[in-house]
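What follows draws every value from the coordinates through simple rules; no lab data is involved. Since the structure is predicted, the reported quantities are computational estimates derived from the model, not experimental observations. Neighbour counts run over all protein chains shown; Cβ positions are idealised from the backbone, glycine included.
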């Protein structure tokens, strides 16, 4: 009987520490797993565009670019068939007030799918990803450009989600943008 009590006295604290430590580690692992399931990929983006006037009276080349910055610790699987650039022309007869591009500007003049011919595409965590498209547009006008990155529903659940960046491109005055210089360089 004395041996049994000595055994219990020696091993109960050790078993308590083992069981308590196992419980804490298991609880932490479950919380991390649940947090990871609720955390979705995150993107931010910086827009830029460049204009090259091909003919000062008629058309120009627009290079539209977004530098997408993946800020999430998880990879973002991108849907290459939906990720796109949309270009709208702002009409001169818009009323005062807010503009809703989808209803006020109508369907886009042009759409470009820069990842269309690629298979699976992934933005890795903590990386910069450049997407660029080129458009030939008419002068003079102001254009509204929208870039959208859609997450792939095969990897991120069935809910459709997209990140969007929008900006304006002013091509009303080719002379002010150095059109003569560009044309002289092209002709040389």
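Taking region 55-82 as the range and being touching a helix residue (DSSP H, G or I) at 6+ places or on another chain (Cβ under 9 Å) and either under 16 Å from residue 110 (Cβ atoms) or buried (at least 19 other Cβ atoms within 10 Å of the Cβ) (or both) as the test, the residues that pass are 60, 76, 79.
If only residues of region 106-137 that are surrounded by 13 or more Cβ atoms within 10 Å (Cβ to Cβ) and more than 29 Å from residue 41 (Cβ to Cβ) are counted, the one that is farthest from the chain's Cα centre (by Cα) is 137. Filtering 71, 47, 6 for residues that are touching a strand residue (DSSP E or B) at 6+ places or on another chain (Cβ under 8 Å) and without any contact (Cβ under 8 Å) to a residue 60 or more places away in the chain leaves a single hit, 71. Counting the residues of region 118-137 that are within 30 Å of residue 58 (Cβ to Cβ) and without any contact (Cβ under 8 Å) to a residue 60 or more places away in the chain gives 0.
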